[in-house]
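> Here it is, the structure, as structure tokens.
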Amino acid sequence: MDWGMENRLKQLMPHGKCFFMPIDHGYFQGPTRSLEKPGETIKPLLPYFDALFCTRGVLRSAIDTAIDKPIILRVSGCTSMVGKDLANEELTTSVEEVIRVNAAAVGISVFIGSDYEKETLKNLSAMVNECERYGIPVMAVTAVGKEMEKREARYLGLCCRIAAELGARVVKTYWCEKDFDKVVSGCPVPVIMAGGPKCETELEVLEFVHDGMQKGAVGLNLGRNVWQSPHPVAIAKALNAIVHKNASLKEASEILVKAKEIKK
Ligand code: 5RP
């Protein structure tokens, strides 16, 4: 692996593990609760995550250029929650722009099994072709659009494998209760867990993240379950401990409780 590629991957995944903070939601759902001022939302969370996932628009308008975290630039979009089909994405950004904003990686969605499967896989391939020339890793996001019931192991395993075969260096997918270990073991590149809509309880979040890490994920990309929580710092701290300190579920829960107490 070339030095640049390796260096970027190590920035993103210190010691091979990672906690990415996504704030890219506005690219298809517009204003999102708790993301009204993205720069303010992330400020207290900075000590706990490894990289920030966002669009160039939010990066330029809301993120301090002195930020000391690597940026993962979202490079697909052009659809919305109120449009016909979320899967009908295009590439939104050139590799020149990726370099201009000094991003360490790019993130791009693929919608496998949708009417736009081929187009989104072509987007991924095109980005890989360009980014590999400059040593920039591509993270594929295995998106399901509004069809959340697709989040089961066979489908997710298929998506992850295809994304990796097309050259993604990292794949982001959903955790699933059954056979998540098979999703991970069938994918030749690191798998990162996505969040999805907010869980009912904080414990549920810690449970699925802990389980996924035990089953081979290298980390997570969790947004709403962190910054829409009434205790974003406490949950971020507990998640960081699971990812980077191999904390047990009990230890992570204790960290959460203690951090909530400090805030009072
Ligand atoms: C959308 C994305 C987002 O980064 C993703 O939704 C992560 O955020 P959350 O944990 O809130 O679901 O890639 O496809």
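> What residue among 105, 194, 247 shows peak mean-square fluctuation when the chain is described by a Gaussian network model with Cα springs under 10 Å?
Of 105, 194, 247, the Gaussian network model singles out 247 as fluctuating most.
> May I pose another question? When the chain is modelled as a GNM with alpha-carbon springs shorter than 10 Å, which of 17, 69, 84 fluctuates the most?
Comparing 17, 69, 84 in a Gaussian network model of the chain, the most mobile one is 84.
> Rounded to the nearest 20 debye, what is the charge dipole size of segment 3-193 about its Cα centre when +1 sits on each Lys and Arg Cβ and -1 on each Asp and Glu Cβ?
Numbers: 24 positive and 24 negative charges, 54 e Å.
So the magnitude is around 260 debye.
> At 222 nm, what helix-only mean residue ellipticity would the chain give, in deg cm²/dmol to the nearest 500, using -39500 (n - 2.57) for each DSSP H run of four or more?
Theoretical 222 nm ellipticity from helices: -12500 deg cm²/dmol.
> Also, I was wondering about something else. For the chain, give the share of DSSP beta bridges that are antiparallel, in percent and rounded to the nearest 5; count only bridges with both residues there.
Numbers: 2 of 29 bridges.
Once the DSSP bridges in the chain are tallied, antiparallel ones form about 5 percent.
> Quick check on my link table: of 122/146; 146/198; 237/258; 17/258; 43/198, which ones sit more than 19 Å apart, alpha carbon to alpha carbon? Could the numbers behind the result be given before it?
Values: 122/146 21 Å; 146/198 15 Å; 237/258 10 Å; 17/258 24 Å; 43/198 21 Å.
Checking Cα-Cα distances, 122/146; 17/258; 43/198 exceed 19 Å.
> Take each uninterrupted DSSP H stretch in the chain, measure its Cα extent along the helix axis, and return the ones at 15 Å or beyond whose mean Kyte-Doolittle hydropathy is at least -0.5. It would help to have the intermediate numbers written out before the result.
Numbers: long enough: 117-133 (25 Å, -0.99); 153-165 (18 Å, 0.64); 202-214 (18 Å, -0.03); 232-245 (18 Å, 0.88); 249-263 (21 Å, -0.17).
Qualifying helices, which must be both long enough and hydrophobic enough, are 153-165, 202-214, 232-245, 249-263.
> Shifting gears a bit: In segment 90-182, if every C-alpha pair distance is counted and binned at 10 Å from zero, what percent goes to each bin?
Per 10 Å bin, starting at 0, the Cα pair percentages come out as 17, 48, 27, 8, 0.
> Between 211, 181, 68, find the one with the highest GNM mean-square fluctuation for the chain; connect C-alpha pairs within less than 10 Å.
Among 211, 181, 68, the largest mean-square fluctuation in the Gaussian network model of the chain belongs to 68.
> For the pair residue 122 and residue 36, what calculated FRET efficiency results from E = 1/(1 + (r/R0)^6), where r is the Cβ-Cβ distance and R0 = 35 Å, to the nearest 0.05? Don't jump to the answer; show the numbers that get you there.
Details: r = 35 Å, r/R0 = 0.99.
The pair residue 36/residue 122 has a calculated efficiency of 0.50.
> For segment 3-193, state what percent of all Cα-Cα pairs lands in each successive 5 Å bin, counting from 0 Å until the bin that includes the largest distance.
1, 8, 17, 20, 22, 17, 11, 3, 0
> Next question, about the same structure. With a 4.7 Å Cβ cut-off, tell me which Cys residues in the chain come up empty for a partner.
18, 54, 78, 131, 159, 176, 199
> Compute the length gained on full extension between residue 154 and residue 7: take 0.36 nm times their separation in residues and subtract their Cα-Cα distance, giving the result in nm to one decimal.
Values: separation 147, 0.36 × 147 = 52.92 nm, distance 3.29 nm.
Gain in length upon complete extension: 49.6 nm.
> Using a Förster distance of 35 Å, how high is the FRET efficiency between residue 249 and residue 62, based on the Cβ-Cβ distance and rounded to 0.05?
Details: r = 34 Å, r/R0 = 0.98.
E(calc), rounded to 0.05, equals 0.55.
> Output the relative contact order of the chain, whole-number percent, from Cα pairs under 8 angstrom with separation of 6+ residues.
Numbers: 479 pairs, mean separation 44.5, N = 264.
The normalised contact order for the chain reaches 17 percent.
Where a number appears in this text, it was derived from the coordinates with a stated rule and is not lab data. Small disclaimer: the values here were computed from a predicted structure and weren't measured. Positions of Cβ are backbone-derived with ideal geometry, glycine not excepted, and every protein chain shown enters the neighbour counts.
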